[in-house]
Amino acid sequence: MRIYDIILKKRYGEELTDEEIDFFISAASKGEIEDYQITALLMAICFNGMTERETATLTMCMARSGDMVDLSSIDGYTVDKHSTGGVGDKTTLIVTPIVAALGGKVAKMSGRGLGHTGGTVDKLESIEGFKTTLSSDAFLSQVNSIGLSVIGQSGDLAPADKKLYALRNDTATVDSIPLIASSIMSKKLAAGSRGIVLDVKTGSGAFMKSVEESEALARAMVEIGKSAGRDTVAVITNMDIPLGNAVGNSLEVIEAVETLKGNGCEDLTAVCIELAANMLTLVTGKDKETCVSMAKGAIADGTALTKLKEMVAAQGGNPEWIENTYLFPKAEYSFEIKEDSDGYIKSMDAEKIGVASLLLGAGRNKKSDVLDFSAGIILKAKTGYKVEKNETIATLYTNDKTKISAAQQKFCEALTFSSEPVEKQQLIYNVIR
Ligand code: URA
């Protein structure tokens, strides 16, 4: 078999066999084909797409290119969630303790921030002492005892995806549905859970800017999950506006804790209840309505907050910080952004707000950048809000004063205003099973 013939076949829009896809992934992982040949095939896939079968085979080959986590020693239904990435997305910190408090077994590997989007691992590391690296035995035993552990990606999970993703990033071949679907699902399948709930974000802060594209990606991922024998559900949610009011690591942990205490804002709480309820339908087999009230109940009776504290303590963190969030260090500098006339916020480019937070020190420009955990933004007004002259729209936080000006400029670029009232945006567009 020759990679040249496989590239030519896909260039003519033909369907690749399982053997050809297997050959490609195995040779790419072993460094037996050149990067320019890999990228030529990736570009041909971008132009000509892949069938459901090709995408499922590509995903399984990538998943099997490294470690496949074995969760069989966990007693109970293992369930995972994944978000395609957004701004202010702290849902893992809220949803996973809710589900674990109600009997689900959540063995979750999360990522670090990428570009304008934040990462759960960075957020958790803003809690004093919290360890995001555990041995495999400690990880499994914690999930067995308390039902929940969230750690960084460990071992050699889907190394073929790492290789392909780095090349895609450099060659404008990221936004292809079969390539994104196989990239995400290869890691989810390798992570081993029986049930998977995908939060597919749509809008200005997401990879997929339209609902139609997001639905197509969601369907592709649900099909892959099904063909691999996993129970898979995708929820399409709004990322045209940042989720919740906090953007930035410790600011988001504090908002997550407030949400678990029942003081969360409407949009964040609604998305978390939807995701948790979908996970619970898989875990319990109960109908969605029942699972919605179970999820709300775990917030109301404090069991979900207790579960978060248990996880923090089990992973070396200080649970007092969860009880008393004023213990999180505050940023030295803050800056209020005020509106200079009356009006309504017409739109908020979530990606630009994510970049403004990154510029304050909450995200990385390069892998080696050190994060400022208390940097970020608290939004006081969002799309559709009526604001008055001199009213504060947002407060910026940082420990480096020199970063404020660029962040302020980026934040202001993100907003448009209208003198007319603005229609409320939909929050949850669709659920695909
Ligand atoms: N996230 C991934 O893990 N892979 C993609 O291709 C896009 C988003």
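The values are calculated or read from the model by the stated rules, or taken from the named source; none is laboratory data. Note that the coordinates shown come from a computational prediction; the quantities given were computed from them, not determined experimentally. Positions of Cβ are generated from backbone atoms using ideal geometry, with glycine treated the same way; all protein chains shown enter the neighbour counts. SASA here: full protein model, heavy atoms, side chains in, ligands and nucleic acids out. Shrake-Rupley method; radii C 1.70, N 1.55, O 1.52, S 1.80 Å.
Observations, loosely collected:
- Given (1) within 30 Å of E274 (Cβ to Cβ); (2) open to solvent by 40 Å² or more (accessible area, probe 1.4 Å), number of the condition R64 does not satisfy: (1)
- Here D175 clears all of (1) away from the ligand (no atom under 13 Å from the Cβ); (2) in a loop (DSSP other than H, G, I, E, B); (3) open to solvent by 10 Å² or more (accessible area, probe 1.4 Å) except the condition numbered (1).
- Number of the condition not met by R364 [criteria: (1) touching a Gly at 6+ places or on another chain (Cβ under 7 Å); (2) buried (at least 18 other Cβ atoms within 10 Å of the Cβ); (3) within 29 Å of S204 (Cα to Cα)]: (2)
- Of the criteria (1) more than 20 Å from V257 (Cβ to Cβ); (2) in a loop (DSSP other than H, G, I, E, B), which one F130 fails: (1)
- Test: residue in the range 133-141 that is away from the ligand (no atom under 11 Å from the Cβ) and crowded, with 23+ Cβ neighbours inside 10 Å: no
- Qualifying residue in the range 40-61 (condition: under 20 Å from the mean Cα position of the chain (by Cα), modelled with pLDDT of 95 or more, open to solvent by less than 40 Å² (accessible area, probe 1.4 Å) and of a type outside the set (K, R)): yes
- Checklist (1) closer than 30 Å to M348 by Cβ; (2) in a loop (DSSP other than H, G, I, E, B) applied to S72, failing item: (1)
- Some residue of the range 105-121 being in a loop (DSSP other than H, G, I, E, B), within 15 Å of the chain's Cα centre (by Cα) and away from the ligand (no atom under 16 Å from the Cβ): no
- Taken over the range 359-373, the criterion of being in contact (Cβ under 8 Å) with a residue 24 or more places away in the chain and over 15 Å from S126 (Cβ atoms) is satisfied by L359 alone.
- Every listed requirement among (1) over 25 Å from V95 (Cα atoms); (2) within 16 Å of the ligand (Cβ to nearest atom); (3) open to solvent by 10 Å² or more (accessible area, probe 1.4 Å); (4) at pLDDT 95 or above is met by E212 save one, (2).
- Qualifying residues in the range 26-37 (those that are touching a Ser or Thr at 6+ places or on another chain (Cβ under 9 Å) and either surrounded by 15 or more Cβ atoms within 10 Å (Cβ to Cβ) or of a type in the set (A, V, I, L, M) (or both)) - the one nearest to K162 (Cα to Cα): S29
- Meets criteria (in a helix (DSSP H, G or I), over 17 Å from L308 (Cβ atoms) and open to solvent by less than 40 Å² (accessible area, probe 1.4 Å)) for V271: yes
- Residue match in the range 188-207 (condition: away from the ligand (no atom under 13 Å from the Cβ), open to solvent by 10 Å² or more (accessible area, probe 1.4 Å), of a type outside the set (D, E, K, R) and at pLDDT below 95): yes
Residue by residue, here is whether (1) at pLDDT below 95; (2) surrounded by 19 or more Cβ atoms within 10 Å (Cβ to Cβ) holds:
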{"residue": "Y397", "(1), (2)": "no, yes"}
{"residue": "T402", "(1), (2)": "no, no"}
{"residue": "A414", "(1), (2)": "no, yes"}
{"residue": "P421", "(1), (2)": "no, no"}
{"residue": "K424", "(1), (2)": "yes, no"}
{"residue": "L427", "(1), (2)": "no, no"}
{"residue": "N430", "(1), (2)": "no, no"}
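- Residues considered: L157, L148, L167. Of these, the only one that is more than 10 Å from the ligand (Cβ to nearest atom) and surrounded by fewer than 18 Cβ atoms within 10 Å (Cβ to Cβ) is L167.
- Verdict on S293 being among the hydroxyl-bearing types (S, T, Y) and either surrounded by 19 or more Cβ atoms within 10 Å (Cβ to Cβ) or at pLDDT below 95 (or both): no
- Residue, nearest to E215 (Cα to Cα), within the range 67-83, restricted to residues that are open to solvent by less than 20 Å² (accessible area, probe 1.4 Å) and either under 21 Å from the mean Cα position of the chain (by Cα) or within 16 Å of the ligand (Cβ to nearest atom) (or both): K81
- The residues on offer are E310, E351, and the sole one that is of a type in the set (D, E, K, R), in contact with a helix residue (DSSP H, G or I) (Cβ under 6 Å, 6 or more places away or on another chain) and either part of a helix (DSSP H, G or I) or over 18 Å from A246 (Cβ atoms) (or both) is E310.
- With respect to the conditions (1) modelled with pLDDT of 95 or more; (2) surrounded by fewer than 20 Cβ atoms within 10 Å (Cβ to Cβ); (3) under 25 Å from N169 (Cβ atoms), K108 lacks only one, and its number is (2).
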